[in-house]
Amino acid sequence: MQTNPEKDTELRLKVNSETARLAWSELEKHFAQGNVVWVANELDLVEVAVRISHDDKTTIAQWMADGKVAKVSDQQALDWQAADAALWAVVVSPFILVQQEKPTRH
């Protein structure tokens, strides 16, 4: 089945409405199960969720090869735990995509 994630406005709005800031402590049990995926700040969290929902293997593989999408590492988890970090998160079953808050530009 051919899908077109660029034009899936309905899914994009749904994903956007389901995105929330969560404390890392709320995500740790999911991390322990291997279900938390980190998204680099240069990517749009909603766009990544839409691409995963559409099973866009080519784009996702490129992001992974570029180090822009990856399972959360033990070091990231430790750093976020120590910092009591809050992350943007959205569920794309079975994964929870997370992204650190983007720094604000002055």
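The values are calculated or read from the model by the stated rules, or taken from the named source; none is laboratory data. Keep in mind that this is a model prediction, so the values were computed, not measured. Neighbour counts run over all protein chains shown; Cβ positions are idealised from the backbone, glycine included. For accessibility, only protein heavy atoms count, side chains too; no ligands or nucleic acids. Shrake-Rupley method; radii C 1.70, N 1.55, O 1.52, S 1.80 Å.
List of remarks:
- Residue count for the stretch 39-53 under the criterion of being buried (at least 19 other Cβ atoms within 10 Å of the Cβ) and either over 21 Å from ASP8 (Cα atoms) or touching an Asp or Glu at 6+ places or on another chain (Cβ under 8 Å) (or both): the result is 1.
- Candidates ASP84, ASP8, ASP79 - the one that is modelled with pLDDT under 95 and open to solvent by less than 100 Å² (accessible area, probe 1.4 Å): ASP8
- The stretch 54-75 - residue that is more than 25 Å from LYS14 (Cα to Cα) and within 14 Å of the chain's Cα centre (by Cα) and, of those, surrounded by the most Cβ atoms within 10 Å (Cβ to Cβ): SER73
- Pairs, first touching a residue at least 60 places away in the same chain (Cβ under 8 Å) in the stretch 39-54, second in a helix (DSSP H, G or I) and open to solvent by less than 40 Å² (accessible area, probe 1.4 Å), C-beta under 9 Å, six or more apart: VAL39/LEU45; VAL39/VAL48; VAL39/ALA49; VAL39/TRP63
- Residue ID - farthest from the chain's Cα centre (by Cα), chosen from residues in the stretch 23-41 that are outside any helix (DSSP H, G or I) and closer than 11 Å to LEU97 by Cα: ASN35
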